[in-house]
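Scroll down for the structure; my scribbles are underneath it.
The values are calculated or read from the model by the stated rules, or taken from the named source; none is laboratory data. Please read these numbers as outputs of a predicted model, since none were measured by experiment. Here the Cβ positions follow ideal geometry from the backbone for every residue, glycine too, while neighbour counts run over all protein chains shown.
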Amino acid sequence: MGTFLANLILAGVRMASPLIFLSLAELYSQRAGLVNIGIEGIAAIGSLTGFLVSLITGSPLLGVLAGAAAGILVNMIFAYATVTLCAEQIVYGMAINIFAPALAAFIYRVYFGSGSELVQAGLMGTFKNMLGIKSNHFLVNLFLDQTPMVYLAFILVIVTAVYFTRTKSGLNYKAVGEYPKAAATLGINVIGIKYLSCVICGALAGIGGAYLTTCYSRTYVDGNIAGRGFIALAAVIFGRWNPGGVLIACLFFGFCDALQIRLQLINNTLPYQFFQMIPYVATIVVLAIIGAKKAGPKSSGQPYRKEER
Amino acid sequence: MKRKDFGALIIVPVLSIIISFLIGCIIIAALGASPAEALRYLWKGAFGNIRNLGTTFSRSTPLIFTTLCACFAYRCGVFNLGGEGQFLIGSILACYIATKSPLTGVPAMLLCALAGAAGGGLWAAAAGLLKIWRGQNEMIITIMLNYVATLLMGVVYTNWLRDGSVPQTIAVPDETKLPSFLGLRATIAFPVAILVGIAVFYFLFSTSGGFQLRAVGLNMTAAKVNGFNVKRYIMMSFIVSGAIAGLGGALELLGTQLRLINGFGAGYGFDGVAMALIASLHPIAGIVVAIFFAALRVGSTTMQTATGVPTSVSDIIQALVIVFTVAGMAMVKLPEFKNRFLRKAGMEG
């Protein structure tokens, strides 16, 4: 196998992982009938928290956990506004997208002052480093030169698929997104599940953001999520609201991201920005090709009011 | 619109602003500065003298354009989140015309404005076509186009129009700079922005086209049943909102920034969305909100110099205003809330 292709596949899997976390976050939210376009913002706060905690404690793992906690906290604002106050989900998601990155930028400024010096934190080790393996074989790199977070992402996809199709609890959860009133008559706690979905969504989006500062880049910079939250939205649509489909979509977008980095390295005649456009243009093209077959949860985006008959 | 609802549309944002400022004061106090002092410098920096007032107007101009862009699109139910990309395309075209065409002075300004509006409109039209023909989610498409436009601007200032070794474009020639407005630091782009706002207001609320466009936004099915050409209005709202943002980008380049450089226009699109939502999609209220936000930004620089409170405090206050306003608007619409506060008697649920 050519080195180019091998490196592309390795980088693709790594770049797909944050997208998988973010897409699953969106999937859990939409399956409970909540369209959350604020995950870009939640990921930003998760990314900063992950970076700070990892820097202070020296443990990237604690950073990831803190990122998840911060994501949950911010998403509780979304939960209260959209579930309890029945605010329009799209509008509120937008509000979160403005609020959360501003908060992240503020905390960063206050913590580090206005100095321009880049602070670097440690990255999470890969299995290969932990086990002390020296081999550079492609398969070794593919399966072992990965952080535990990559494994967590893929395991979560399987867990989610089993949960939504094989368990009673998962079917109840999906019922809330499809037809909440019928779900309520069956004794399902609709409001409770919607809040639960926001906890899961916030945690996963926070982890997705923290991945970027604990497993991918040593520093935090404003705007480091770079639209991944929105690409995750596209991945959920592309994946037809199924964990398996979402995984394929994320791998595709991850490879696009890896491809643009690789192409930048081997080409220096075209301005590098044209390669950076690849993931965004690919998202538009994919959405244009798959068209608008409605396959999402039926009550997605609509407020649920107990009192309405 | 009912009078009661209209009251809420004013009271909720004003209350949100007050609460956000209170939280801002707590943060300032926690940072070890005096909130009263900081607020005094904030006010002084934004409105303290004619010079600062001009700066505030100048800073508000691009925000007014992106706010109007969002107002216009959302009134038709189109979630155009691409104000930033459309703004940048407008400024890129204006940059080319101002620096590369033989025209200078007023003809160049007019051509720049025209090309900026056309470019912004076309950039938005791409998203509109995908929505209408492929039924695609315009939010994702317009955001992706923002990133593409930002990168395209990057190509322009690092390659195509690069000014020597510095990653920025060559400057707009002096003859093509927009003239100052009443001798202030703001240029004539500011009154143009306000005129565009008045035009949007007139179109939306005083013409049958505006009525039909709003009808499409309120209830697409009902509008369709009534025989309105829904697709035409959706397409129109994309193109016009994009053109407003593109015009804003062109005028910002000719009036204030004069060069494309890293960070040009960054965040203006989402800012416009926030301001349009705080203003309940009312164009004139949108202008007021945009000036208010610009004042916060300009004033916060003075505050930082005088008291050491970082300018990002004002970003937090702005973000809190949007978080509270949108939640507050939803709360006053809740049946429970209406029952308790507005009509005490009867009516279950």
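Would the range B:182-189 turn up any residue that is buried (at least 20 other Cβ atoms within 10 Å of the Cβ), assigned to a helix (DSSP H, G or I) and aliphatic (A, V, I, L, M)? Before you say what the answer is, go through the steps one by one.
Step one: of the range B:182-189, the residues buried (at least 20 other Cβ atoms within 10 Å of the Cβ) are B:186-187, B:189.
Checking which are assigned to a helix (DSSP H, G or I) leaves us with B:189.
Still in the list and also aliphatic (A, V, I, L, M): B:189.
Yes - at least one qualifying residue is present in the range B:182-189.
Given the structure, is residue A:186 among the hydrophobic types (A, V, I, L, M, F, W, C) and at pLDDT 95 or above? Steps first, answer last, please.
On the way: among the hydrophobic types (A, V, I, L, M, F, W, C): yes; at pLDDT 95 or above: no.
Spelling it out, it is not the case that residue A:186 is among the hydrophobic types (A, V, I, L, M, F, W, C) and at pLDDT 95 or above.
Looking only at the range A:236-264, count every residue that is in contact with a Ser or Thr (Cβ under 8 Å, 6 or more places away or on another chain), in a helix (DSSP H, G or I) and over 12 Å from residue A:280 (Cα atoms) and tell me the total.
Qualifying residue count, the range A:236-264: 5.
Would you confirm whether any residue within the range B:125-141 is at the interface with chain A (Cβ under 10 Å from one of its Cβ atoms), among the β-branched types (Val, Ile, Thr) and without any contact (Cβ under 8 Å) to a residue 12 or more places away in the chain? Talk me through it step by step, then tell me what you get.
Let us first name the residues in the range B:125-141 that are at the interface with chain A (Cβ under 10 Å from one of its Cβ atoms), namely B:126-127, B:129-131, B:133-137, B:139-141.
Checking which are among the β-branched types (Val, Ile, Thr) leaves us with B:140-141.
Within this subset, residues satisfying the condition of being without any contact (Cβ under 8 Å) to a residue 12 or more places away in the chain are B:140.
Yes, some residue in the range B:125-141 is at the interface with chain A (Cβ under 10 Å from one of its Cβ atoms), among the β-branched types (Val, Ile, Thr) and without any contact (Cβ under 8 Å) to a residue 12 or more places away in the chain.
Of everything in the range B:107-122, what is touching a Ser or Thr at 6+ places or on another chain (Cβ under 9 Å) and of a type in the set (A, V, I, L, M, F, W, C)? Give them in sequence order.
Passing the criteria: B:108, B:109, B:111, B:112.
Give the number of residues within the range A:128-153 that are under 18 Å from residue A:58 (Cα atoms) and not in a loop (DSSP other than H, G, I, E, B). Give the derivation first.
Our first condition is that a residue be under 18 Å from residue A:58 (Cα atoms); within the range A:128-153, this holds for A:129-130, A:147-149.
Right, trim to not in a loop (DSSP other than H, G, I, E, B) and you get A:129-130, A:148-149.
Of the residues in the range A:128-153, 4 are under 18 Å from residue A:58 (Cα atoms) and not in a loop (DSSP other than H, G, I, E, B).
I'm checking my understanding of the structure. Among residues of the range A:53-102 that are in contact with a Lys or Arg (Cβ under 9 Å, 6 or more places away or on another chain), among the aliphatic types (A, V, I, L, M) and assigned to a helix (DSSP H, G or I), which one is nearest to residue A:210 (Cα to Cα)?
In this case the residue turns out to be A:79.
For the range A:92-110, give me each residue that is at the interface with chain B (Cβ under 7 Å from one of its Cβ atoms) and among the aromatic types (Phe, Trp, Tyr).
If we filter the range A:92-110 for residues that are at the interface with chain B (Cβ under 7 Å from one of its Cβ atoms), which is where we start, we get A:92, A:94-95, A:97-99, A:102-103, A:105-106, A:109-110.
Residues satisfying the conditions are A:92, A:99, A:106.
Of all the residues that make up the range A:1-52, how many are among the polar types (S, T, N, Q), away from every other protein chain (no Cβ under 14 Å) and either in a loop (DSSP other than H, G, I, E, B) or over 18 Å from residue A:226 (Cα atoms) (or both)?
Going through the range A:1-52 one residue at a time, the tally reaches 3.
Specify the residue that is surrounded by the fewest Cβ atoms within 10 Å (Cβ to Cβ); the eligible residues are those in the range B:273-329 that are small (Gly, Ala, Ser), out of contact with any Ser or Thr (no Cβ under 8 Å at 6 or more places or on another chain) and within 13 Å of chain A (Cβ to nearest Cβ).
B:308
Restricting the search to the range B:162-181, which residues are surrounded by fewer than 20 Cβ atoms within 10 Å (Cβ to Cβ), aliphatic (A, V, I, L, M) and modelled with pLDDT of 90 or more? Steps first, answer last, please.
So the first thing to find is which residues in the range B:162-181 are surrounded by fewer than 20 Cβ atoms within 10 Å (Cβ to Cβ), and the list is B:162-168, B:170-171, B:173-175, B:177, B:179-181.
Next cut, aliphatic (A, V, I, L, M) only: B:166, B:170-171.
Within the range B:162-181, B:170, B:171 qualify.
Starting from residues that are more than 10 Å from chain B (Cβ to nearest Cβ) and not charged (D, E, K, R), keep the ones in the range A:222-231 and report whichever is nearest to residue A:285 (Cα to Cα).
Selected residue: A:225.
If residue A:94 satisfies every condition in (1) farther than 23 Å from residue A:233 by Cβ; (2) in contact with a Phe, Trp or Tyr (Cβ under 9 Å, 6 or more places away or on another chain) but one, which is the exception?
(1)
Can you find a residue that is β-branched (Val, Ile, Thr) and under 28 Å from residue A:198 (Cβ atoms) anywhere in the range A:266-280?
Step one: filter the range A:266-280 for residues β-branched (Val, Ile, Thr), giving A:266, A:269, A:278.
Imposing the further condition that a residue be under 28 Å from residue A:198 (Cβ atoms) reduces the set to none.
No - not one qualifying residue is present in the range A:266-280.
Need the failing condition index for residue A:14 against (1) of a type outside the set (Gly, Ala, Ser); (2) surrounded by fewer than 24 Cβ atoms within 10 Å (Cβ to Cβ); (3) modelled with pLDDT of 95 or more; (4) under 18 Å from the mean Cα position of the chain (by Cα), just the number.
(3)
Only one of A:156, A:171 is surrounded by fewer than 16 Cβ atoms within 10 Å (Cβ to Cβ), assigned to a helix (DSSP H, G or I) and not small (Gly, Ala, Ser). Can you tell me which?
Working: A:156 fails: surrounded by fewer than 16 Cβ atoms within 10 Å (Cβ to Cβ).
Answer to the check: A:171.
In the range A:268-288, what residues are over 19 Å from residue A:232 (Cα atoms), more than 8 Å from chain B (Cβ to nearest Cβ) and surrounded by 12 or more Cβ atoms within 10 Å (Cβ to Cβ)?
To start, the set of residues in the range A:268-288 that are over 19 Å from residue A:232 (Cα atoms) comprises A:268-275.
Next, only the ones that are more than 8 Å from chain B (Cβ to nearest Cβ) stay: A:268-270, A:272, A:275.
The answer is A:270, A:272, A:275.
Being closer than 15 Å to residue A:13 by Cα and surrounded by 20 or more Cβ atoms within 10 Å (Cβ to Cβ) is the filter here, so list the residues in the range A:236-250 that pass it.
Of everything in the range A:236-250, those that are closer than 15 Å to residue A:13 by Cα and surrounded by 20 or more Cβ atoms within 10 Å (Cβ to Cβ) turn out to be A:246, A:247, A:249, A:250.
Does residue A:264 meet the test of being closer than 24 Å to residue B:85 by Cα, in contact with a helix residue (DSSP H, G or I) (Cβ under 8 Å, 6 or more places away or on another chain) and modelled with pLDDT under 90? Even if it seems obvious, please write down each step before you answer.
Working: closer than 24 Å to residue B:85 by Cα: yes; in contact with a helix residue (DSSP H, G or I) (Cβ under 8 Å, 6 or more places away or on another chain): yes; modelled with pLDDT under 90: yes.
Judged against the criteria, residue A:264 is a match.
Give me a count of the residues in the range A:289-309 that are surrounded by fewer than 14 Cβ atoms within 10 Å (Cβ to Cβ), under 26 Å from residue B:132 (Cα atoms), within 9 Å of chain B (Cβ to nearest Cβ) and at pLDDT below 80.
Total meeting the criteria: 3.
Do we have residue B:127 as in a helix (DSSP H, G or I) and touching a helix residue (DSSP H, G or I) at 6+ places or on another chain (Cβ under 9 Å) here? Step through it out loud before you land on a result.
Values: in a helix (DSSP H, G or I): yes; touching a helix residue (DSSP H, G or I) at 6+ places or on another chain (Cβ under 9 Å): yes.
Against the criterion (in a helix (DSSP H, G or I) and touching a helix residue (DSSP H, G or I) at 6+ places or on another chain (Cβ under 9 Å)), residue B:127 qualifies.
Out of (1) away from chain A (no Cβ under 14 Å); (2) assigned to a helix (DSSP H, G or I); (3) among the charged types (D, E, K, R), what's the single condition that is false for residue B:259?
Going through (1) away from chain A (no Cβ under 14 Å); (2) assigned to a helix (DSSP H, G or I); (3) among the charged types (D, E, K, R) one by one, residue B:259 breaks only (2).
When only residues in the range B:58-89 that are hydroxyl-bearing (Ser, Thr, Tyr) and surrounded by fewer than 24 Cβ atoms within 10 Å (Cβ to Cβ) count, which is farthest from residue A:230 (Cα to Cα)?
The qualifying residue farthest from residue A:230 (Cα to Cα) is B:58.
Could you please let me know if residue B:148 is of a type in the set (A, V, I, L, M) and either on the phi > 0 side of the Ramachandran plot or away from chain A (no Cβ under 14 Å) (or both)?
Working: of a type in the set (A, V, I, L, M): yes; either on the phi > 0 side of the Ramachandran plot or away from chain A (no Cβ under 14 Å) (or both): no.
When the stated conditions are applied, residue B:148 does not pass them.
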